[in-house]
1. Helix 111-128 against the longest principal axis of the chain: what's the angle in degrees, Cα atoms only, rounded to the nearest 10?
2. Give me the 1.4 Å probe accessible area per residue for the range 169-492, excluding ligands and nucleic acids, in Å².
3. Which value results when the Cα radius of gyration for the range 430-474 is divided by 2.2 N^0.38 Å?
4. Per residue, how big is the convex hull around the C-alpha atoms of the range 169-492? Give it to me in cubic angstrom, could you?
5. Work from the charge dipole of the chain (Cβ charges, +1 for Lys and Arg, -1 for Asp and Glu, about the Cα centre) and give the residue of Thr53, His448, Thr365 farthest towards its positive end.
6. Output the pairs from Lys323/Lys439; Lys97/Lys143; Lys275/Lys323 with a Cα-Cα distance over 18 Å in this structure; if there are none, say none.
7. Mind jotting down the distance between the C-alpha centroids of the range 94-169 and the range 267-344, whole Å?
8. Give the relative contact order (percent, whole number) for the chain; include only Cα pairs under 8 Å separated by 6+ residues.
Amino acid sequence: MVRINAAGGALAEVSSGLLAVGLYKGEELPAWLGEAANVLSEGDFSGKQGETTLIYGPDGIASPRLLLVGLGEQSSFTLDSLRRAAATAAKRARSLKLDDAAFVLPVSEGSAARIAAAEAAAEGAALGLYRFDRHKTSAERPKLTTFTLIHEDEQDISEAAETGAQLAAAAILARDLANEPSNEATPEYLAEKAQKIAERYGMQVHVLDRAGIEAEDMAGLATVGRSSSNEPRFIVLEHRKGGDGVPPVVLVGKAVTFDSGGISIKPSGGMEDMKFDMSGGAAVLGTMQAVGALDLAVNVVALIPATENLPGGDAFKPGDVLKLHSGKTVEIVTTDAEGRLILADALSYAKRYEPAAVIDCATLTGACHVALGDHASGLMGNDEALIAEVQTAGEASGERAWHLPLFKEYTEQIKGNTADLRNSGGRYGGALTAGAFLKEFVDYPWAHLDIAGVAYYGKQMNAYTPKGASGAPARLLVEFLRGRVREQSGKES
Ligand code: BES
Ligand code: MN
Ligand code: ZN
């Protein structure tokens, strides 16, 4: 991965393969650009978001290439504008086959704003350079080794660059796991990744295999996984740096490593995308890696039910009734509504931690993708303050989440005929009836993120979000936990 660092000093003296400068639409040219500024007076560069102009051998500037990158309107500038600009710069440097590039951070008032900007730029550069190419056997492709953030005042920026790189690394791990096809990324494989994270950062890890899952009465997970030769796992990863006896935040991630639909089999067109049905679990693992790397002073427990959903001679069938971990019974309307079954087990398992809050994330319903399109997770829950906190973390990280209702009428839709519940509420409001189903298994502050529309994309979405897995909502979750740490240290001082 690209190394991201920081440097200060006079901008014109920075010597890098490429020096990138972000400019707002209609912005006056900074004096230090000197004669290079002429290209601008000709009107060839307007500062529109994503626009670039490359200038060779600019007078008075030590770097041989100057790249102007549009930041868009200053009035609509957000940290996401910076993520995109840094990604654009890093990718351009790589396509020029350069080893290193530098990126001038825009002037920002105050240390907090400077830190946030440096984090975002570091994140954007690392995320933009991401490629999933480990299965390509062709020749080496160019690599950018160093990306340097430049600010007159180097203080703060170094640590922020490191933090930003770790935030990106969380999403990159999530992307790697989710992009990995299901013949590699099995439940067992995810468990091994969790064990590696635990080892590296001194976390506790427990992995339940099929027998362990059955012994815990997690019938949802055991049943969905029953007909696969890649057997299910229940992964528990615990980071305890928040003090003894302090209730943890529990993160739950759906990890269906391949969802064929089971006996209620999906149409074959596009079914290959169902390798991404473990994106929730992947994001939770990415989050835990960042929690370890940043050594966050919180107690966090990750719960990842991992399984395939396949048809077979031993597969569960429509009409079957299961008694889930909580003791509630469910009538199976469709074996393709498997996510809520394995999540229900994990959510009731979470009660033993007496959690401060639980957030689950899951590629749960196509209906959520229909409702919100490609640009936000569906956010549901039972606690207004927690929902607001998750929404704020989404805003800050650029991984937006939008609050959807869980009216009691949706719960009516999933009442069972012969059992307590049914696992489908019918055609309308599919994201909400799925949320209402999960709600039956929680008795603590809880938020649910339906990430079906944002976990992976069929095309590049922006400069730092390529085709394939996005890594969402790993950065949202890390931001949420950092918020909890900030709040805690605020209370103590
Ligand atoms: N994994 C799917 C949801 C999904 C669909 C995610 C498309 C991403 C893209 C989930 O297990 C599923 O099949 N849900 C069904 C629920 C329905 C049968 C009640 C759905 O959304 O159609
Ligand atoms: Mn399904
Ligand atoms: Zn699924």
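1. Around 70 degrees separate the two axes.
2. Roughly 36 Å² per residue, with all protein chains present.
3. 1.51
4. 118 Å³
5. Positive-most Cα among the choices belongs to Thr365.
6. Lys275/Lys323
7. With the range 267-344 and the range 94-169 each reduced to a Cα centre, they are spaced 33 Å.
8. 15 percent
The values are calculated or read from the model by the stated rules, or taken from the named source; none is laboratory data. Remember, predicted model here, so these are calculated numbers, not experimental data. No Cβ is skipped: glycine too gets one built from the backbone with ideal geometry, and neighbour counts run over all protein chains shown. Accessible surface areas use protein heavy atoms only, side chains included; no ligands, DNA or RNA. Shrake-Rupley method; radii C 1.70, N 1.55, O 1.52, S 1.80 Å.
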